[in-house]
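The values are calculated or read from the model by the stated rules, or taken from the named source; none is laboratory data. Since the model is a prediction, treat every value here as computed from it, not as a measurement. Using ideal geometry, Cβ is built from the backbone for each residue, glycine included, and neighbour counts are taken over all protein chains shown. Just the protein is used for accessible areas: all its heavy atoms, side chains included, with ligands, DNA and RNA removed. Shrake-Rupley method; radii C 1.70, N 1.55, O 1.52, S 1.80 Å.
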Amino acid sequence: MSIRKFLACFPDEQTCRNYLFSIRWPRGFICTKCGEMRYSVIKTRNVYECINCKTQTSLTSNTLMHRTKLPLRYWMVALYWVASGRRCSARRLGNTLKLQYRTARRLLNKIRYAMYNIESGPLFDFWDRQKRSAQQPIVRRAMLLMFRRARTFVRKHYGRVPKWRRPYYYCEYRFRSNNVHNPSQALMKLIINTCTTIYTLNEYGGFREPRRKPLSPEPLSA
Ligand SMILES: [Zn+2]
(Lines give C-alpha, C1' and ligand atoms only; values in the text may rest on other atoms or scores of the structure.)
Protein backbone atom coordinates (compact mmCIF):
# COMPACT_ATOMS: atom_id res chain seq x y z
CA MET A 1 0.00 0.00 0.00
CA SER A 2 1.42 3.36 -0.96
CA ILE A 3 1.47 6.28 1.42
CA ARG A 4 -1.12 8.06 -0.74
CA LYS A 5 -3.56 5.18 -0.53
CA PHE A 6 -2.86 4.81 3.15
CA LEU A 7 -3.57 8.45 3.89
CA ALA A 8 -6.66 8.33 1.70
CA CYS A 9 -8.05 5.82 4.21
CA PHE A 10 -7.61 8.42 6.92
CA PRO A 11 -8.73 11.73 5.45
CA ASP A 12 -9.34 13.37 8.83
CA GLU A 13 -8.94 12.90 12.56
CA GLN A 14 -12.38 11.38 13.03
CA THR A 15 -11.73 8.41 10.73
CA CYS A 16 -8.43 7.89 12.49
CA ARG A 17 -10.19 7.97 15.82
CA ASN A 18 -12.89 5.53 14.74
CA TYR A 19 -10.31 3.15 13.38
CA LEU A 20 -8.08 3.25 16.45
CA PHE A 21 -11.15 2.89 18.69
CA SER A 22 -12.05 -0.34 16.94
CA ILE A 23 -8.47 -1.57 17.38
CA ARG A 24 -8.17 -0.60 21.01
CA TRP A 25 -11.64 -1.73 22.08
CA PRO A 26 -12.76 -4.35 19.54
CA ARG A 27 -15.66 -5.47 21.75
CA GLY A 28 -16.68 -2.01 22.84
CA PHE A 29 -15.30 0.46 25.31
CA ILE A 30 -13.94 -0.82 28.61
CA CYS A 31 -13.12 1.54 31.46
CA THR A 32 -9.44 1.28 32.36
CA LYS A 33 -10.16 1.78 36.04
CA CYS A 34 -13.21 -0.32 36.82
CA GLY A 35 -13.91 -2.41 33.70
CA GLU A 36 -17.36 -0.91 33.13
CA MET A 37 -18.49 -1.08 29.52
CA ARG A 38 -21.19 1.61 29.50
CA TYR A 39 -19.92 5.06 28.67
CA SER A 40 -20.94 8.43 27.41
CA VAL A 41 -19.04 10.49 24.89
CA ILE A 42 -18.04 14.06 25.60
CA LYS A 43 -17.91 15.25 22.05
CA THR A 44 -16.25 18.60 22.58
CA ARG A 45 -13.08 17.03 23.94
CA ASN A 46 -13.31 13.58 22.35
CA VAL A 47 -13.29 11.92 25.74
CA TYR A 48 -15.20 8.88 26.94
CA GLU A 49 -16.69 9.00 30.40
CA CYS A 50 -17.36 5.80 32.30
CA ILE A 51 -20.91 5.64 33.68
CA ASN A 52 -19.87 3.80 36.81
CA CYS A 53 -16.81 5.64 38.13
CA LYS A 54 -16.95 8.82 36.02
CA THR A 55 -13.35 8.40 34.91
CA GLN A 56 -12.71 10.21 31.68
CA THR A 57 -10.61 8.31 29.19
CA SER A 58 -9.40 9.55 25.86
CA LEU A 59 -8.53 7.27 23.01
CA THR A 60 -4.82 7.68 23.60
CA SER A 61 -4.64 7.65 27.38
CA ASN A 62 -3.00 4.61 28.95
CA THR A 63 -1.46 3.58 25.66
CA LEU A 64 1.93 4.29 24.16
CA MET A 65 0.39 7.52 22.87
CA HIS A 66 -0.42 8.66 26.39
CA ARG A 67 -0.72 12.44 26.72
CA THR A 68 0.18 12.97 23.11
CA LYS A 69 -0.69 16.35 21.67
CA LEU A 70 0.04 15.36 18.11
CA PRO A 71 -2.75 14.71 15.62
CA LEU A 72 -3.41 11.00 15.24
CA ARG A 73 -2.64 11.24 11.55
CA TYR A 74 0.94 12.18 12.42
CA TRP A 75 1.20 8.99 14.39
CA MET A 76 -0.18 7.04 11.47
CA VAL A 77 2.35 8.59 9.10
CA ALA A 78 5.22 7.77 11.45
CA LEU A 79 3.98 4.21 11.94
CA TYR A 80 3.59 3.78 8.22
CA TRP A 81 7.06 5.11 7.59
CA VAL A 82 8.72 2.80 10.07
CA ALA A 83 6.71 -0.21 8.92
CA SER A 84 7.53 0.43 5.28
CA GLY A 85 11.09 -0.62 6.05
CA ARG A 86 12.72 2.62 5.00
CA ARG A 87 15.15 4.33 7.31
CA CYS A 88 13.38 6.90 9.38
CA SER A 89 15.50 9.37 11.31
CA ALA A 90 14.01 11.86 13.71
CA ARG A 91 15.37 14.70 11.63
CA ARG A 92 13.71 13.55 8.42
CA LEU A 93 10.45 12.76 10.18
CA GLY A 94 10.55 16.19 11.80
CA ASN A 95 11.17 17.90 8.49
CA THR A 96 8.35 16.01 6.80
CA LEU A 97 5.75 16.61 9.48
CA LYS A 98 7.05 20.08 10.41
CA LEU A 99 7.77 19.02 13.94
CA GLN A 100 10.55 20.02 16.24
CA TYR A 101 13.42 17.59 16.33
CA ARG A 102 12.79 16.63 19.95
CA THR A 103 9.10 15.94 19.33
CA ALA A 104 9.94 13.75 16.37
CA ARG A 105 12.56 11.94 18.38
CA ARG A 106 10.12 11.28 21.19
CA LEU A 107 7.59 9.99 18.67
CA LEU A 108 10.14 7.63 17.17
CA ASN A 109 11.26 6.42 20.57
CA LYS A 110 7.67 5.54 21.43
CA ILE A 111 7.40 3.55 18.22
CA ARG A 112 10.71 1.92 19.00
CA TYR A 113 9.23 0.94 22.32
CA ALA A 114 6.37 -0.76 20.47
CA MET A 115 8.92 -2.69 18.42
CA TYR A 116 10.62 -3.67 21.63
CA ASN A 117 7.32 -4.98 22.99
CA ILE A 118 6.84 -7.04 19.87
CA GLU A 119 10.32 -8.46 19.50
CA SER A 120 11.79 -8.82 22.94
CA GLY A 121 11.58 -12.20 24.56
CA PRO A 122 13.69 -14.45 26.76
CA LEU A 123 15.21 -16.12 23.71
CA PHE A 124 16.26 -12.86 22.19
CA ASP A 125 17.57 -10.55 24.87
CA PHE A 126 20.93 -10.92 23.27
CA TRP A 127 22.20 -7.55 24.45
CA ASP A 128 22.56 -8.93 27.94
CA ARG A 129 25.88 -10.71 28.19
CA GLN A 130 24.89 -12.77 31.22
CA LYS A 131 21.67 -14.02 29.73
CA ARG A 132 23.48 -14.74 26.51
CA SER A 133 26.06 -16.93 28.17
CA ALA A 134 23.36 -18.86 30.04
CA GLN A 135 21.95 -20.20 26.77
CA GLN A 136 22.70 -23.43 24.96
CA PRO A 137 25.81 -23.09 22.78
CA ILE A 138 23.92 -23.24 19.49
CA VAL A 139 21.40 -20.65 20.65
CA ARG A 140 24.19 -18.51 22.04
CA ARG A 141 26.03 -18.56 18.74
CA ALA A 142 22.92 -17.49 16.87
CA MET A 143 22.24 -14.76 19.38
CA LEU A 144 25.80 -13.51 19.21
CA LEU A 145 25.60 -13.34 15.43
CA MET A 146 22.36 -11.44 15.58
CA PHE A 147 23.72 -9.16 18.24
CA ARG A 148 26.70 -8.25 16.07
CA ARG A 149 24.47 -7.53 13.11
CA ALA A 150 22.16 -5.42 15.24
CA ARG A 151 25.11 -3.51 16.67
CA THR A 152 26.50 -2.82 13.21
CA PHE A 153 23.08 -1.64 12.07
CA VAL A 154 22.68 0.72 15.01
CA ARG A 155 26.20 2.14 14.69
CA LYS A 156 25.79 2.69 10.99
CA HIS A 157 22.42 4.42 11.11
CA TYR A 158 22.27 6.02 14.52
CA GLY A 159 25.84 6.41 15.67
CA ARG A 160 26.23 6.51 19.40
CA VAL A 161 23.17 5.54 21.39
CA PRO A 162 22.97 5.76 25.18
CA LYS A 163 23.44 2.39 26.76
CA TRP A 164 20.04 2.06 28.40
CA ARG A 165 18.36 2.75 25.09
CA ARG A 166 20.32 0.23 23.06
CA PRO A 167 17.96 -2.75 23.58
CA TYR A 168 15.20 -0.73 21.95
CA TYR A 169 17.39 0.01 18.96
CA TYR A 170 18.45 -3.63 18.69
CA CYS A 171 14.80 -4.61 18.71
CA GLU A 172 14.21 -2.14 15.95
CA TYR A 173 16.80 -4.00 13.89
CA ARG A 174 15.12 -7.29 14.68
CA PHE A 175 11.68 -5.96 13.88
CA ARG A 176 12.85 -4.53 10.59
CA SER A 177 14.68 -7.66 9.51
CA ASN A 178 11.77 -9.89 10.50
CA ASN A 179 9.20 -7.85 8.63
CA VAL A 180 11.22 -6.78 5.63
CA HIS A 181 9.03 -8.79 3.25
CA ASN A 182 5.71 -7.89 4.77
CA PRO A 183 5.28 -4.19 5.44
CA SER A 184 1.50 -4.32 5.80
CA GLN A 185 1.74 -6.95 8.51
CA ALA A 186 4.42 -4.88 10.22
CA LEU A 187 2.13 -1.87 10.11
CA MET A 188 -0.71 -3.86 11.64
CA LYS A 189 1.53 -5.10 14.44
CA LEU A 190 2.72 -1.59 15.18
CA ILE A 191 -0.77 -0.08 15.18
CA ILE A 192 -2.12 -2.77 17.48
CA ASN A 193 0.80 -2.35 19.83
CA THR A 194 0.62 1.43 20.02
CA CYS A 195 -3.03 1.51 20.99
CA THR A 196 -3.19 -1.39 23.38
CA THR A 197 -4.07 -0.39 26.92
CA ILE A 198 -1.09 -0.44 29.27
CA TYR A 199 -2.35 -0.73 32.81
CA THR A 200 0.92 0.20 34.46
CA LEU A 201 1.27 3.77 33.20
CA ASN A 202 1.26 6.67 35.61
CA GLU A 203 -0.50 9.89 34.72
CA TYR A 204 2.57 11.29 33.00
CA GLY A 205 2.94 8.39 30.61
CA GLY A 206 5.88 6.82 32.41
CA PHE A 207 5.72 3.49 34.09
CA ARG A 208 4.69 3.30 37.68
CA GLU A 209 7.61 2.89 39.98
CA PRO A 210 8.00 -0.60 41.37
CA ARG A 211 6.73 -0.93 44.87
CA ARG A 212 9.44 -0.10 47.35
CA LYS A 213 10.34 -2.48 50.07
CA PRO A 214 8.57 -1.65 53.30
CA LEU A 215 10.78 0.37 55.55
CA SER A 216 12.40 -1.83 58.11
CA PRO A 217 13.98 -0.34 61.19
CA GLU A 218 17.66 0.06 60.43
CA PRO A 219 19.81 -1.76 62.91
CA LEU A 220 21.92 0.82 64.62
CA SER A 221 25.49 -0.16 64.08
CA ALA A 222 28.02 1.12 66.44
ZN1 LIG B 1 -15.00 3.18 35.35
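Taking all protein chains together and a 1.4 Å probe, the residues 157, 66 rank 157, 66 from largest to smallest accessible area. For the chain, with all protein chains in place and a probe radius of 1.4 Å, 53% of the accessible heavy-atom surface sits on carbon or sulfur. In this label model, residue 42 and residue 67 are separated by 1.8 nm, measuring between points 7 Å along each Cα→Cβ vector.
Full extension of the segment from residue 9 to residue 49, taken as 0.36 nm per residue of separation minus the current Cα-Cα distance, would add 11.6 nm. Charge tally around residue 141: other residues with Cβ under 14 Å, Lys/Arg +1 each, Asp/Glu -1 each, net +4.
If you average the alpha carbon positions of region 169-189 and of region 44-66, how far apart do those two centres end up, in angstrom? Distance between centres, Cα-based: 30 Å. The order of 188, 115, 37, 146 by accessible area, most exposed first and with a 1.4 Å probe, is 37, 188, 146, 115.
Once the 1.4 Å probe is applied to the protein heavy atoms, the chain comes out at 66 Å² accessible per residue.
Over all distinct Cα-Cα pairs of the chain, the Kirkwood formula returns a hydrodynamic radius of 19.7 Å.
Using a basic spin-label model with each label point 7 Å from the Cα along Cα→Cβ, how many nm lie between residue 95 and residue 125? Computed distance between label sites residue 95 and residue 125 equals 3.8 nm.
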